[in-house]
1. If we only count helices (runs of 4 or more DSSP H) wholly inside the range 109-184, which ones have 2 or more residues that are in contact with a strand residue (DSSP E or B) (Cβ under 6 Å, 6 or more places away or on another chain) and closer than 23 Å to R65 by Cα?
2. Is it the case, given these coordinates, that A117 is within 25 Å of G162 (Cβ to Cβ), touching a residue at least 60 places away in the same chain (Cβ under 8 Å) and not charged (D, E, K, R)?
3. Please go through the range 96-108 and pick out each residue that is closer than 14 Å to G79 by Cβ and in a loop (DSSP other than H, G, I, E, B).
4. Every residue in the range 19-53 that is buried (at least 18 other Cβ atoms within 10 Å of the Cβ), modelled with pLDDT of 95 or more and hydrophobic (A, V, I, L, M, F, W, C), please.
5. Can you name the condition, by its number, that D165 falls short on among (1) on the phi > 0 side of the Ramachandran plot; (2) touching a Ser or Thr at 6+ places or on another chain (Cβ under 6 Å)?
6. May I ask you to list the residues in the range 9-40 that are hydrophobic (A, V, I, L, M, F, W, C) and over 17 Å from the mean Cα position of the chain (by Cα)?
7. When the residues of the range 87-112 are narrowed to those that are of a type in the set (A, V, I, L, M, F, W, C) and farther than 19 Å from G153 by Cβ, which ends up surrounded by the fewest Cβ atoms within 10 Å (Cβ to Cβ)?
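The values are calculated or read from the model by the stated rules, or taken from the named source; none is laboratory data. Only a predicted model underlies this, so the values are computations on that prediction, with no experimental measurement involved. Virtual Cβ from ideal backbone geometry, glycine too; neighbours counted across all protein chains shown.
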Amino acid sequence: MRTLTTERLILPPWDLRFEEDLCRLSNDPRITRYLGDGLPWERERAITRHGELLEHWREHGFGWRGIVLREADDESVIGVAALNRLPQPLPGVDEPAIEIGWWVDPRHWGRGIATEAATAIRDEAFTDHGAARLAARYQPANHGSGNIMRKIGMRHHDDVIGPYDEDVRVYVLERADWWTWLGG
């Protein structure tokens with residue numbers, strides 16, 4: 001479980017010490033408004049999810065990562081960068097697929113942090129974990145996430161209805177397209 005680094009970020013594997021960070025981030029309605037039901041997470045839900053994230057790492061050898069600024073005076077987590085095994089297949093997305101996602105504290109929006117983190121974990125998925133394809137989902141009103149998906153080479157695949165009857169846009173990046181994107 002190596003820590004990823006970029007020009008500005010440190011992306012450590014999910015750890016016990018991130019529980020309070022997850023509670024704080026997932027309780028911010030600006031972050032959760034485009035996630036599932038759109039509601040901030042109660043503390044119990046965040047703690048349950050924290051345990052699931054640790055288990056995902058044990059089971060698959062990858063998962064969520066904290067986002068920490070390299071130049072910060074402390075190691076506060078300002079967001080998450082996530083690779084997940086899909087809990088259920090997405091319509092029309094061939095298996096196996098790994099889902100990619102991210103959250104960033106609103107105080108750090110507009111600085112390219114999510115794009116930088118997403119690029120790092122995209123490359124990790126293909127190089128370290130042999131992903132055949134990446135999938136990502138977002139609600140169409142979340143223009144920022146859609147822009148990031150396009151910036152990291154993903155393409156629109158389909159529009160579906162999510163578990164809370166919300167509209168969801170699905171993007172996919174195939175391994176061969178990633179390689180071409182890199183100039184390979």
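1. On the way: elements: 113-127, 143-151, 175-181.
Qualifying helices (runs of 4 or more DSSP H): 113-127, 143-151.
2. Considered against the rule, which asks whether it is within 25 Å of G162 (Cβ to Cβ), touching a residue at least 60 places away in the same chain (Cβ under 8 Å) and not charged (D, E, K, R), A117 comes out as yes.
3. Of all residues in the range 96-108, those closer than 14 Å to G79 by Cβ come to 100-108.
Answer for the range 96-108, where residues must be closer than 14 Å to G79 by Cβ and in a loop (DSSP other than H, G, I, E, B): just D105.
4. Those that are buried (at least 18 other Cβ atoms within 10 Å of the Cβ), modelled with pLDDT of 95 or more and hydrophobic (A, V, I, L, M, F, W, C): L22, C23, L25, I31, W41, A46, L53.
5. The one condition D165 does not meet is (2).
6. The initial filter retains those residues of the range 9-40 that are hydrophobic (A, V, I, L, M, F, W, C), namely 9-11, 14, 16, 18, 22-23, 25, 31, 35, 39.
Hits for the range 9-40 are L16, L39.
7. From the range 87-112, those of a type in the set (A, V, I, L, M, F, W, C) are 90, 93, 97-98, 100, 102-104, 109; that's our starting set.
Of the ones still in play, those that are also farther than 19 Å from G153 by Cβ are 103-104, 109.
Numbers: W103: 23, V104: 23, W109: 14.
Looking at the filtered set, the residue picked out is W109.
This table checks each residue for (1) at pLDDT 95 or above; (2) under 18 Å from I31 (Cβ atoms).
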position: R85; (1), (2): no, no
position: I100; (1), (2): yes, yes
position: R122; (1), (2): yes, no
position: A125; (1), (2): yes, no
position: L134; (1), (2): yes, no
